[in-house]
Amino acid sequence: SVLQFGVLPATSSFLEPSTLWKIMPLIMMTMSCVLAFPKRVGKELADPTLNMVGAAYAVMKILEFSVRRMLDEMVYVPLDYESRFVGKEVISVLGYRFGKSASSLVLSAITHTLGIGGLRELSYFTTAAAALWLGTAWRLSNFVPTRAEAEEAYKTMKKGS
C-alpha cells in the first residue's frame, strides 16, 4: 500500500504512463536475471535461494496489483463508454485470464517435454518471457497517450456528452 498510495502518485506526476509501462518489465527482467544467473560456488552455478525467489515473486505481485492496475485504468480513461467498459471486460476475460491459462499450459508442456525441472532452468524461461514482455511493452507503450493527450481527449469527450 505504501507503493500504491505514496510512491506511485509521486512518480506518476512527473513520469508519463508509457514510461511506467516500460519500467515494469525492465524490473522483472532484472529480477529474473538475478534468478537465472546467480553467483558461482566454485566451478558450479548456485541455485537461486528461497529468499531470492520470494523477493522476485513479491516484486512481481506488487507490480501487478499496484502499478499495472493503475496503468490499466489510465489507458481506458480517454476512451468512450463502450470502449472503456465493454472493451475492458473483453480484454480482461480473453486477454488476462486466457493468456495466463495458455502460458501455464505451454510452460507445463515445454518443461514436461524437455524434462526440465530445475529452478535455474525454469529461471531461464522466466528471463526469456520477461525479455519478450519487455520488447512487446516497449513497442505497445508508444500507443499509450501522453498525459496531455489523455486530458485533451477527456475534455473533448465531456464536451460531446
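The values are calculated or read from the model by the stated rules, or taken from the named source; none is laboratory data. The model shown is predicted, which means the values in this text are computed figures rather than measured ones. All Cβ positions, glycine included, derive from the backbone under ideal geometry; neighbour counts span all protein chains shown. Side chains are part of the model used for accessible areas, which takes the heavy atoms of the whole protein and leaves out ligands, DNA and RNA. Shrake-Rupley method; radii C 1.70, N 1.55, O 1.52, S 1.80 Å.
Spatially, the stretch 22-61 and the stretch 112-156 are offset by 17 Å when compared through their Cα centroids.
Rank Leu140, Gly99, Thr127 by how far each Cα sits towards the positive end of the charge dipole of the chain (+1 on Lys, Arg Cβ; -1 on Asp, Glu Cβ) and give me just the farthest. So the residue furthest toward the plus end is Thr127. The length gained on full extension between Thr30 and Phe5, counted as 0.36 nm times the residue separation minus their Cα-Cα distance, comes to 6.6 nm.
Checking every one of the GluC sites (Glu not before Pro) in the stretch 26-129 against DSSP loop status and a limit of 14 other Cβ atoms within 10 Å picks out no site at all. Checked against a 24 Å cut-off, the cross-linked pairs Lys22/Lys88; Lys100/Lys158; Lys88/Lys158; Lys100/Lys155; Lys22/Lys159 give Cα-Cα distances beyond that limit for Lys100/Lys158; Lys100/Lys155; Lys22/Lys159.
Multiplying each eigenvalue of the alpha-carbon gyration tensor of the chain by 5 and taking the square root yields semi-axes of 36, 19, 12 Å, largest first, rounded to whole angstroms.
What FRET efficiency comes out for Arg97 versus Val77 if R0 is 25 angstrom and r is the Cβ-Cβ distance? Round to the nearest 0.05.
With R0 = 25 Å, the Cβ-Cβ based efficiency is 0.60.
Close amide-amide hydrogen proximity is noted between Val144 and no other residue 5 or more places distant or on a separate chain, at a cut-off under 5 Å (H modeled in the peptide plane; Pro and chain starts excluded). A 1.4 Å probe, protein heavy atoms only, puts the accessible area of Met31 near 40 Å². Ignoring everything except DSSP H segments at least 4 long, calculate the 222 nm mean residue ellipticity for the chain; use -39,500 (n - 2.57) per segment, divide by total residues, nearest 500. Helices in the chain give a 222 nm mean residue ellipticity of -20000 deg cm²/dmol.
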